[in-house]
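The values are calculated or read from the model by the stated rules, or taken from the named source; none is laboratory data. All of these numbers come straight from a predicted model, not from anything done at the bench. When we count neighbours, we look across all protein chains shown, and the Cβ atoms used for this are built from the backbone with ideal geometry, even at glycine. These area figures cover heavy atoms from the full protein model, side chains too; ligands, DNA and RNA do not enter into them. Shrake-Rupley method; radii C 1.70, N 1.55, O 1.52, S 1.80 Å.
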Amino acid sequence: MKTLTACLTIGLLALAPSLLSAAENEIEATASAIDEEASVAGGPARVERRLAQSFGPLTGSEEDATRLIRGLRNGDPVMLDDSTTVTPPTGRLGYGETAIALSLAQESLTQAGITDPTSEQLQAALTGGSVTNANGETTSLASVLT
């Protein structure tokens, strides 16, 4: 089994540059489409509402998602709860960049075995830190915002 895993890993690493390039192109296209949608009259409110609906489950509610989206867009610290604040190290983000950051945070938490994150776990995914899942497994997460 270890040999099979090693062979698959080596094969994926050989393919990684082309897969990464394709994924990067797709991500950039999606971000551009979101930013373009936000550039028309009424677009920012529509995009913000759609992103809040998408990431409401990640943050706990659409209201929390809206506050986080606005904070990331403005480069402002966002209080997720009474003791957890996300301070974006990036400055202002576009709507597309915000969507990418939240998607990456969600994916990193999912890979760590966390599907219903606490505020602290979400903060760790966004700005870096360790998270512990329900099975007691601890994972160190890199910041998706840097």
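Structure notes:
- Placing ASP76, ASP116, ASP64 in order of accessible area, with the largest value first and a 1.4 Å probe, yields ASP116, ASP76, ASP64.
- Sequence-distant contacts, meaning Cα pairs under 8 Å at least 6 residues apart, place the relative contact order of the stretch 64-121 at 28 percent.
- The stretch 17-146 shape via C-alpha gyration tensor axes, a/c threshold 1.5: oblate
- Where labels lie 7 Å past Cα in the beta-carbon direction, separation of SER103 and THR87 in nm: 2.9
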